[in-house]
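Here is the structure we will look at, set down as structure tokens.
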Amino acid sequence: TIYTTILKNLTEGEIMQASKFRDFNDLDQVSRQYAVKTYYKTASLLAGGCRAVALINGEEKEVRDCMERFGSHVGMAFQYYDDILDYTANSKTLGKPALHDLKSGVVTGPVLVALNESVGTVER
């Protein structure tokens, strides 16, 4: 069911984040792991919710699939924005300590961008 899939994905995403195993010599792999973890932890919730709404409304499969993709894209965008806020907002606005992800060793979008840019600089 949709809800079972969402719960499985959320759990898998949390496990991926907690594992913190990363080979920074392979930034493509780290980027793929980040995208999968982000989908599981955030985007799958919105994707499943949008699909469920379409299902409840009796929409055809094509519409349900489209709504699921829409929710997935919104969820990924939301997480990218949330990652940026860790560097641009204060603790009061965030509701958690600023730079919490960085201090916890969580690889986020801004970290990946910085790593990719530093690799490009080193290679020049």
If we ask which residues in the range 1-47 are β-branched (Val, Ile, Thr) and either more than 19 Å from Asp83 (Cα to Cα) or open to solvent by 80 Å² or more (accessible area, probe 1.4 Å) (or both), their number turns out to be 7
By residue number, the members of the range 48-65 that are open to solvent by less than 70 Å² (accessible area, probe 1.4 Å) and assigned to a helix (DSSP H, G or I) are Gly48, Gly49, Cys50, Arg51, Ala52, Ala54, Val63, Arg64, Asp65
Which residue is farthest from Tyr40 (Cα to Cα), if the candidates are limited to the range 75-99 and must be outside any loop (DSSP other than H, G, I, E, B) and open to solvent by 80 Å² or more (accessible area, probe 1.4 Å)?
Lys92
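The values are calculated or read from the model by the stated rules, or taken from the named source; none is laboratory data. Remember, it's a predicted structure, so these values are computed and weren't measured experimentally. Side chains are part of the model used for accessible areas, which takes the heavy atoms of the whole protein and leaves out ligands, DNA and RNA. Shrake-Rupley method; radii C 1.70, N 1.55, O 1.52, S 1.80 Å.
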